[in-house]
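The values are calculated or read from the model by the stated rules, or taken from the named source; none is laboratory data. Just so we're clear, the structure is a prediction, and the values are computed from it rather than from any experiment. Cβ atoms come from the backbone with ideal geometry, glycine included; neighbour counts cover every protein chain shown. Side chains included, ligands, DNA and RNA excluded: accessible areas come from the protein's heavy atoms. Shrake-Rupley method; radii C 1.70, N 1.55, O 1.52, S 1.80 Å.
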Amino acid sequence: MTPFLRIPGRGSRRSDHLNRLVVIAAVFGIGLGGWGLWLETEEYLDRAASREKITKACEGLVDPDRVLGLNGGTARARPGSEPDDSMFDLDDPDALAMMPTGCLIYRVGDPGTSYEHFKLSVWPTPSDRFAQIVDGWDDPFSERMSARTGGLTREADTSAPYPLGDGRLGVYYDDFVIVKALCSDKPGDKTSLNVMTVARYSETEPVTDADRHTLAELARTAAERAAAKVGCAATLPALPAELPTPTERLVNAESAKGSCGWYADFVAERDRVRLPDRALTAPVGARALEESCLLAVSDKEVSRIWSGLTEDEIGSSSLRDVLRTAPWWLRTESYFGDEAHEVKAQDFGSEQRPIDHGTAGADKDAKVWWASSLCDGQPAVHTLSVEYPYEKYIRQLLQPLFRAYVTDVAARRGCRDVKLPAASTFTS
């Protein structure tokens with residue numbers, strides 16, 4: 001039988017065998033090289049097609065290569081197929097009126113599979129659909145409740161907002177970034193454009209610091225390009241070189257700093273009584289457009305406080321429910337400048353009511369108190385939201401608590417004309 005491959009002898013038997021192995025390896029190497037070249041070509045073509053799809057779906061607002069590079073990188077991606085997944089036409093003169101909208105990009109895996117990868121949203125201020133919602137009903141500990149260790153209030157569902165630099169550019173969280181482009185010429189009745197970039201893979205894969213910085217770069221670029229296309233004259237601050245890693249882990253409230261530093265000072269001067277012992281804090285920006293401090297009660301403190309409640313205070317509530325499904329918490333928030341005009345209180349039935357700058361008061365259905373001021377000549381709204389029924393256990397402590405918060409913000413931001421809610425709103 002004729003062998004498949006005959007190699008002429010070149011010396012000893014051992015050298016003949018070695019020559020044969022070398023030639024066979026070379027033949028297989030050529031074959032594998034061809035296969036590798038084919039794979040590289042296929043990946044190149046997939047990447048080129050994906051770049052084109054991202055550019056078209058997101059109206060050229062983002063660098064498609066940076067989008068593909070998120071979460072370890074991929075060469076295959078596609079836009080969503082729903083109407084809300086496609087960008088509006090920014091070249092349309094009525095583009096501002098058509099906002100908000102955005103694009104959703106999927107990472108393509110094995111045939112027939114795809115996974116949410118990246119989302120871009122763009123909206124103006126003011127907006128009919130985007131507002132800063134404050135209420136005492138939206139539990140900040142509900143999403144990962146089944147996986148919680150160390151009690152329900154050990155970690156929140158998301159971090160507090162971290163300022164981008166001094167805060168003028170926007171804020172970021174653990175898995176998304178919001179950048180604001182202020183329109184100096186105010187086209188129509190719009191005062192700014194807002195861009196949000198989201199790592200939609202964050203439920204299954206952690207967002208790295210590098211990816212978070214990429215999200216910030218994508219958001220800033222998209223804000224500049226969107227503003228230019230719709231005629232919003234805006235100059236955006238530079239993105240900081242580093243972004244501190246945001247955290248969802250609450251700390252001991254008595255040692256809290258940053259956006260909750262005011263609370264540590266408050267409880268250091270008096271007995272905490274029934275007030276929270278945990279805090280979710282973030283850095284404060286000298287010119288941030290928003291800031292937040294989430295305060296919550298640990299399981300140990302809930303049990304201690306519960307033992308001192310009267311039967312009238314307890315009512316139909318149960319300690320078991322509090323420890324398993326209904327954590328006690330409160331939150332202070334402030335919104336400055338452009339954002340101060342977009343604050344709304346929302347009650348349990350999802351009805352929203354505007355909180356007007358220049359006023360102070362309370363919304364008993366939303367479990368919200370608010371104050372207002374002028375900070376560096378810009379309007380500001382300061383709010384306190386308290387979970388129900390925790391709110392009724394600490395009602396007598398809320399007025400001095402809220403006053404301490406607003407006083408601290410006003411001192412830090414140089415605010416004047418401070419208006420605080422009447423004492424009667426805390427007792428009625």
So how do Arg395, Arg200, Arg278 rank on accessible area, 1.4 Å probe, biggest first, that is with the largest at the start?
-> Arg200, Arg395, Arg278
Once the dipole of the chain is set up with Lys and Arg at +1 and Asp and Glu at -1 on Cβ about the Cα centre, which of Val302, Gly72, Gly188 lies farthest towards its positive end?
-> Gly72
Counting other Cβ atoms within 10 Å, keep those with at most 13, restrict to DSSP loop, and tell me which GluC sites (Glu not before Pro) in region 197-268 are left.
-> Glu203, Glu242
Charge-dipole axis of region 101-186 as Lys and Arg at +1 and Asp and Glu at -1 on Cβ define it, positive-most pick from Leu120, Trp137, Val108 = Leu120
Point-charge dipole on Cβ atoms (K/R +1, D/E -1) for region 251-426, about Cα centre, debye to 20 | 320 debye
Probe 1.4 Å, all protein chains in place: accessible area of Met196 in Å², nearest 10?
-> 40 Å²
1/(1 + (r/R0)^6) with r = Cβ-Cβ of Arg320 and Phe130, R0 = 56 Å, i.e. FRET efficiency to nearest 0.05, evaluates to 0.90
Three semi-axes of the equivalent ellipsoid, region 274-364, Cα gyration tensor, whole Å, largest first = 31, 18, 11
Rounding to the nearest 20 debye, state how big the charge dipole of region 272-373 is about its Cα centre with +1 on each Lys and Arg Cβ and -1 on each Asp and Glu Cβ.
-> 460 debye
Of the residues Thr235, Tyr405, Ala219, the Cα lying farthest along the dipole of the chain towards its positive end, which is defined by charges on the beta carbon of Lys, Arg, Asp and Glu, belongs to Ala219
What value, in deg cm²/dmol to 500, does the helix sum -39500 (n - 2.57) over DSSP H runs of n ≥ 4 give at 222 nm once divided by the residues of the chain?
-> -9000 deg cm²/dmol
Length-normalised contact order of the chain in % [C-alpha pairs under 8 Å, at least 6 apart] | 13 percent
Cα pair distances in the chain, grouped into 20 Å bins until the bin that holds the longest one, percent each | 23, 46, 20, 7, 4, 0
Which whole-Hz ³J(HN,Hα) couplings does region 126-140 yield from phi under the Karplus relation 6.51 cos²θ - 1.76 cosθ + 1.60, θ = phi - 60°, glycine and proline marked x?
-> x, 9, 6, 10, 10, 8, 8, 8, 10, 6, x, 10, 7, 4, x
For the chain, size of Cβ-based charge dipole, Lys and Arg +1, Asp and Glu -1, in debye = 1500 debye
Report Rg/Rh for region 368-413, rounded to two decimals, where Rg is the Cα radius of gyration and Rh the Kirkwood radius.
-> 1.05
Region 251-426: projected area of the alpha-carbon convex hull, averaged over directions, in nm² = 10.1 nm²
For every other residue with a beta carbon closer than 14 angstrom to the beta carbon of Ala216, add +1 if it is Lys or Arg and -1 if Asp or Glu, then tell me the sum.
-> -3
For the chain, built as a Gaussian network whose Cα springs stay under 10 Å, the top-fluctuating residue of Pro389, Pro79, Pro111 | Pro111
Expressed in nm to one decimal, what extension gain is obtained for the pair Ser350 and Lys186 from 0.36 nm per residue of sequence separation less their Cα-Cα distance?
-> 55.9 nm
For the peptides 204-212, 112-120, what is the packing order when you average, over each peptide's residues, the other Cβ atoms within 10 Å and list the highest mean first?
-> 112-120, 204-212
Förster radius 22 Å - calculated FRET efficiency between Glu269 and Gln396 (Cβ-Cβ, nearest 0.05) = 0.85
